[in-house]
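Read through the structure below, which is laid out as C-alpha cells, and then see the notes.
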Amino acid sequence: LNWQNVSGWATNTNECEWKGIGCDSTNSVNLLDLFSNRLTGEFPPELTLLSRSLVVFDVGLNFFFAEGNNFNTVLGSLSLLTDLRFDRTNMINNEGIPTEIGLLKNLEIFNCASTLYRGALNAAAFQPDQTRWTYMEIESNAFNSSLPSSIGNLPALEQLFARDSFIEGTIDTLVNMRNALVIWVDQNPGLGGTIPIQFGSFSNLRSLSLTECAFTGTLPPQLGNLGNDFSQFFIYRNQMTGGVPDSWANLGGLEFLELWENDFTVQIPAGVCALTFSSLERLIADCSICPTTPCCDSCVEDV
C-alpha cells in the first residue's frame, strides 16, 4: 500500500487497531476515517459488508474514484451512517447527488464538496424523515439546477454550503429552513431573485453569504429582527438596490457586513454606522453610500 499511513493494514493485527479504524463494544467496525491518506484506485464495493455496523465514513481529500450506480447502491446500503464525507475525491455521478443518500435515515453530516458530481439535484436525495441531518456541504460541483425545496424542508438542517455549484433559480426553496445557523450559496451566477423576508424569522441564523450571484431587490427590513446572534452578512457583487434598512441597527451582534459592488443608492443609516463602535468589526460598501462620518472600514469606488 502506498498510503500516507498504513499502520496495521495488511497485517495480522486486530483490524480495530489499524490506522483509521474504530470498533464498537462487539469489535464490529463502526468508524472508517482515512481522511487525507493518499488513497488511490477504485473504491471497493465490499464496503457494503460493513452495512450492519458502520456509523462514520470519512475518506475526504484522497485520489481514489468511484463511479456509477453500483457504488451509489453501496452508499445507500450503509443505513447506520451518521457521518458521510468524501469531499475532494473523484467520486463521479452524472445525475446530481445520488438519490440513495435519501435512504440514510440516521445521517447527520454529509460532505461531497469538490467531487465530480454533475447534473440536476433530485428531491428524492433529501427526505423529510431524515430528521437528524444538520450539516450539508455540496459546493464546488456542477449541478446546473435549482435547490429543491426538499433541502429546505429537512427538519433539522442547520448548515448549508452550496458555493460555486452552478445553482440556479432562487433561494425561496429554503424558506422552511427554520433551524438555519449558516447559509452560504456564493459564486452561483445563475442564482438570484430577492432575499426571502422569511429569513428574518430564522432565530438561530448566524451567517448568511450570498456573494457573486444575481440577487436583486432591496435588503429585507425583517433581517433586523435577527437580534444579537446574527453576526455575518455578505452580499457583495450582486444587483441589490435601495439601501440598508434602519431596522438593521438592532443587529447588536453583527461583526461583518460587506455590501460592495451593488446598485445601492441610499446612504448607510447612522444607527448601523454606530455598530462600528461596538460589535461591527468590518463594514465594506460602495463609497457612494458610505457617510463622511466614521462608518465604513473601507469602501469600493463605483466602476
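The values are calculated or read from the model by the stated rules, or taken from the named source; none is laboratory data. Everything numeric in this text was worked out from a predicted model, so none of it was measured. Virtual Cβ from ideal backbone geometry, glycine too; neighbours counted across all protein chains shown. Calculation scope for accessible area: heavy atoms of the full protein, side chains included, ligands and nucleic acids excluded. Shrake-Rupley method; radii C 1.70, N 1.55, O 1.52, S 1.80 Å.
Can you give me the solvent accessible area of Ser114 with a 1.4 Å probe, rounded to the nearest 10 Å²?
The accessible area of Ser114 comes to roughly 50 Å².
Label Asn144 and Gln198 with points 7 Å out from Cα along Cα→Cβ: what is the distance between them in nm?
2.9 nm
With a cut-off of 19 Å, note down the residues of the stretch 238-282 whose backbone N falls inside the zone around a label point 7 Å from the Cα of Asp172 toward its beta carbon.
It comes to 239-241, nothing else.
What size of dipole, in debye to the nearest 20, comes out for the stretch 9-144 about its Cα centre when the only charges are +1 on Lys and Arg C-beta atoms and -1 on Asp and Glu C-beta atoms?
Its charge dipole is roughly 80 debye.
Cβ under 12 Å from Cys290's Cβ, Cys290 left aside: what net charge do those residues give with Lys, Arg +1 and Asp, Glu -1? Don't skip to the answer; put the middle values down first.
Numbers: positive: none; negative: Asp286, Asp297, Glu301, Asp302.
With Lys, Arg at +1 and Asp, Glu at -1, the net is -4.
How many percent of the accessible area of the chain is carbon or sulfur, using a 1.4 Å probe? Working shown, then result.
Working: 6340 of 13210 Å².
Accessible surface attributable to carbon and sulfur in the chain totals 48 percent.
Kirkwood hydrodynamic radius of the stretch 46-201 from all distinct Cα pairs, in Å?
15.6 Å
For Thr265 paired with Ser51, estimate the spin-label separation in nm (one decimal), with each label point 7 Å from Cα along the Cα-to-Cβ line.
The answer from the label model is 6.2 nm.
Per residue, how much accessible surface does the chain expose to a 1.4 Å probe? Answer in Å², no decimals.
Computed with neighbouring chains in place, this is 44 Å² per residue.
From the convex hull of the Cα coordinates of the chain, what is the mean projected area in square nanometres? Mind dumping the intermediate values first?
Working: hull surface 68.4 nm².
Answer in nm², one decimal: 17.1.
Please build a GNM for the chain, connecting alpha carbons under 10 Å apart, and tell me which residue among Asn106, Asn69, Asn238 fluctuates the most.
Result: Asn69 has the largest fluctuation of those listed.
Under 20 Å from a point 7 Å along the Cα-to-Cβ line of Ala156: which residues of the stretch 83-124 have their amide N that close?
Those under the cut-off are 83-86, 100-112, 124.
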